[in-house]
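Take this structure first; my questions come after.
The values are calculated or read from the model by the stated rules, or taken from the named source; none is laboratory data. As the structure is a prediction and not an experimental result, all values here were calculated from the model. We place every Cβ from the backbone using ideal geometry, glycine too, and count neighbours over all the protein chains shown. Just so you know, the surface numbers come from the protein's heavy atoms only, side chains and all, with ligands and any DNA or RNA stripped out. Shrake-Rupley method; radii C 1.70, N 1.55, O 1.52, S 1.80 Å.
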Amino acid sequence: MQPDTTVSRASGASRRMGARAYLATMAAAAVLPVLLVAGFVLNTLLDAHRAAAIRGVLKSARAISLAMDQELASAETVLRVLATSVYLSRGDLAGFRQQAIAALTGDREGIALYDAQGRQLVDTRVAAGAADEPQTDARRLRELVASSRVQVSRLNRSRDGKSLTVTVDVPVVIAGERFLLSQMYTAAHFQRVLAQHKVPASWIVGVFDTDHVMIARSHRSGDFVGRPGADLLRKAATNVAEGQVRHHSREGIEVYDIFARAPRSGWLVSIGVPAQALDALAERAVGTAVLGTLAALVAAAAIALVVGHRLNSSLGDIARAAAALGRGEALPPHRPSLREINALRVSLEETHAMLARETQAHARAETERRQLFESEQAARQLAEQQNRTKDEFLAMLGHELRNPLSAISGAVALMKAPNARNEHRVHAREVISRQVQHLGRVVDDLLDLSRVMTGKIMLDLKPVDLAQVAANCLAVMRAAGRVGEHDLKVTLQPAWVSGDAVRLEQVVGNLLSNAFKYTPPEGRVELEVAAQRDDAIVRVSDTGLGIPKHLLAHVFDVFVQGDQSLERAKGGLGIGLALVQRLVHLHAGEVGAESAGDGLGSTFTVRLPRVAPPDADQGATAAGPPLRRRLHVLVVDDHEDSRTMLRLLLEQSGHEAVEAVDGIDGVQLALSYRPDVAIIDIGLPGINGYEVARRLRNLPTSRKIGLIALTGYGQDEDRRRALQSGFDRHLVKPVDAEQLGQALLEVSTNPGRPAV
């Protein structure tokens, strides 16, 4: 009997259709998640592009808010500087008003000063002597004066009603009394600050004060400045510093309002970006991704059709392999399937290795982050300590400068008194001389320490007898009256070193000054210079206040002093010993300090390498200086008091002097007056002192004039520039009469020196 082939073919077709349906189901199951994930990813991508665009706008809002805060911070800085005005400390309100007017820059409207009762003392917006208008909010002013915080007002109408203003109020304490300094800005100022930030023309930028009143706006500012902002924006920004809200602007455009609050002033900066433009940007990026996804799906379908046959063959092989395994027969070869499984296993192993490396990298990054955090904390603590040290030093510097200035001021007032006795005027002149010397020492110490610490000091090394250096230093201090009533014991033995005599005298002088300063009257101070084996020793001992044990290890640090209290009476900047240590190190020596504690005195010992004494004929000196003669002197200085005093000093010394107030006038007067010597300041209006010297050296008629630079710039670089410009001598202000006379004598006896 023949088999029913029709039934057999139908059964086979049914099985084949079943396999294909199964494969179609698997393909659909594989493609459907891909489509779902693709949809989710595309939606996420849309949100991500929109969020990225919003972040960019938020960054602009932050930048504008920081710019507004910076403007207000500059007002605070100006007011705090004005709080240090000498006119305020003397109660000279007229002088302070002029200084405040000079401090106004740009379109700042004015500066006002109020006392503790809220009364207005100064207002630069009204003419001097004009009647002040009564304050409508005296209670608020009293509260601001009593407060210790800087405050920024809301947007207010000015007193003349013509402009809108914002006030920065800074409470200050002057001479123990509380005052309030206020600086007023017009709203137009912040409008210009806003205009400096270049943003797209479609953006609408608004700046609101803490009451949500608009201060500046990029579009139609005249219609909206001074009016409350949108209530929806105010509610959205009530409890957050940054955010966004979508709504319709006052121009009727749907916008994203992206806002940021300024950390210092609390002002709100809002940027309205048209929603259509923001969404269109994100939608274009997502549309590109959609097209790419569809193209990938089409390509995948084409590839599936090509490899479908191979997939059916692989399924047949798997089925035959499973049937053979069930029958216990050898499995037929299935190389394509085995190769794919091996490739998958290799990929998984590589993925595992990559994940392990990423985990290790993450651990290392976390360790580095922790180390960076710890370093940042340590750096912050160091910065805070340095800031405290700076504040303490500034306080000490103020003390050291105000004391001599106070004495000089009192002496000048005494000399001006019509009924002052002659002996009082003599005493006043002595006080001025002593205090000017003290100020000069303070400035010299600061400059010397700066030069030493930055490596800009140069030593003139020659064989020097430390005993002679100490003797010269002690003689100068005795002549200046700085030894006082102390019991001074001096032991000086010859000890030669290779050193700079001026700097070594500075070392000995600082050690002796320290001993005299911290030793009570009738206490004992000992100065010893001796030679010990290969070292030359300078030892200064005293029976004074001593050094606490906790301070002994830091006594040579910059700005360190034993007593930082306001009641201290010894003074000083705390840099003398630091300067001593650095100068000794430059001479290849060492310095140490010893003390048994508070009230038990102290001993400072300097050790320097010894050298052999020079031959006796090397110390021979030239003949004495030539006789003085009457000189014609030109004084060029833009500071009237300094110029006049120098001319009077020259005339009192028997010379003839004329004055010039700037560089151009100085050159013209030198050519017409033909002086023997010209004393020229460096910082001059028009052309500076260096240019004046170069022009005089380049002209035949003025080439032989002796040139002396008298300036406040005293660095080694300043001296070098002066000599290169053609000056014969470089003197640093203040200069005493003896030093000036010696310089005049030297340059007048050797005229016509060409520029270096």
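Only residues that are open to solvent by 60 Å² or more (accessible area, probe 1.4 Å), over 16 Å from residue 605 (Cα atoms) and assigned to a strand (DSSP E or B): list them for the range 490-499, please.
496
Between a first residue in the range 247-276 that is closer than 13 Å to residue 67 by Cα and a second residue that is of a type in the set (S, T, N, Q) and open to solvent by less than 10 Å² (accessible area, probe 1.4 Å), which pairs have beta carbons less than 7 Å apart while being 6 or more apart in sequence or on different chains?
Within 7 Å, the pairs are 260/65; 261/65; 262/65; 267/65; 269/65.
Does at least one position in the range 695-718 carry a residue that is out of contact with any helix residue (DSSP H, G or I) (no Cβ under 7 Å at 6 or more places or on another chain), more than 30 Å from residue 432 (Cα to Cα) and among the acidic types (Asp, Glu)?
Within the range 695-718, one or more residues are out of contact with any helix residue (DSSP H, G or I) (no Cβ under 7 Å at 6 or more places or on another chain), more than 30 Å from residue 432 (Cα to Cα) and among the acidic types (Asp, Glu).
Let me ask you something else. Please work out if residue 226 is open to solvent by less than 80 Å² (accessible area, probe 1.4 Å), small (Gly, Ala, Ser) and more than 27 Å from residue 120 (Cα to Cα).
Answer is no for this residue.
Looking at 241, 237, can you tell me which residue is closer than 13 Å to residue 267 by Cβ, in contact (Cβ under 8 Å) with a residue 12 or more places away in the chain and surrounded by fewer than 17 Cβ atoms within 10 Å (Cβ to Cβ)?
241
Could you run through the range 169-209 and say how many residues are among the β-branched types (Val, Ile, Thr), touching a residue at least 40 places away in the same chain (Cβ under 8 Å) and farther than 16 Å from residue 71 by Cβ?
4
In the range 527-558, what count of residues is obtained for those that are more than 35 Å from the chain's Cα centre (by Cα), open to solvent by 30 Å² or more (accessible area, probe 1.4 Å) and aliphatic (A, V, I, L, M)?
2
For residue 187, are the conditions met, namely being within 27 Å of residue 238 (Cα to Cα) and either of a type in the set (Ser, Thr, Tyr) or open to solvent by 20 Å² or more (accessible area, probe 1.4 Å) (or both)?
No.
Still on this structure, I have one more. Scan the range 500-524 residue by residue and report those that are out of contact with any Asp or Glu (no Cβ under 9 Å at 6 or more places or on another chain) and either assigned to a loop (DSSP other than H, G, I, E, B) or open to solvent by 20 Å² or more (accessible area, probe 1.4 Å) (or both).
Residues satisfying the conditions are 505, 513, 517, 520.
Could you figure out which of (1) in contact with a strand residue (DSSP E or B) (Cβ under 9 Å, 6 or more places away or on another chain); (2) modelled with pLDDT under 85; (3) not basic (Lys, Arg) isn't true of residue 581?
Against the list (1) in contact with a strand residue (DSSP E or B) (Cβ under 9 Å, 6 or more places away or on another chain); (2) modelled with pLDDT under 85; (3) not basic (Lys, Arg), residue 581 comes up short only on (2).
Could you identify the single residue in 668, 724 that is open to solvent by 10 Å² or more (accessible area, probe 1.4 Å), at negative phi, over 38 Å from the mean Cα position of the chain (by Cα) and at pLDDT 90 or above?
After ruling out the rest, the residue left standing is 668.
Taking the condition modelled with pLDDT of 85 or more and open to solvent by 80 Å² or more (accessible area, probe 1.4 Å), does residue 192 pass?
In short, yes.
Here's a follow-up. Just one of the numbered conditions (1) open to solvent by 60 Å² or more (accessible area, probe 1.4 Å); (2) in a strand (DSSP E or B); (3) within 30 Å of residue 93 (Cβ to Cβ) is not true of residue 167; which one?
(1)
I need the full set of residues from the range 493-526 which are under 37 Å from the mean Cα position of the chain (by Cα) and of a type in the set (D, E, K, R), in order please.
Of everything in the range 493-526, those that are under 37 Å from the mean Cα position of the chain (by Cα) and of a type in the set (D, E, K, R) turn out to be 500, 503, 505, 517.
Could you tell me which residue of the range 67-115 is most open to solvent (accessible area, probe 1.4 Å), considering only residues that are assigned to a helix (DSSP H, G or I), among the hydrophobic types (A, V, I, L, M, F, W, C) and closer than 14 Å to residue 167 by Cβ?
78
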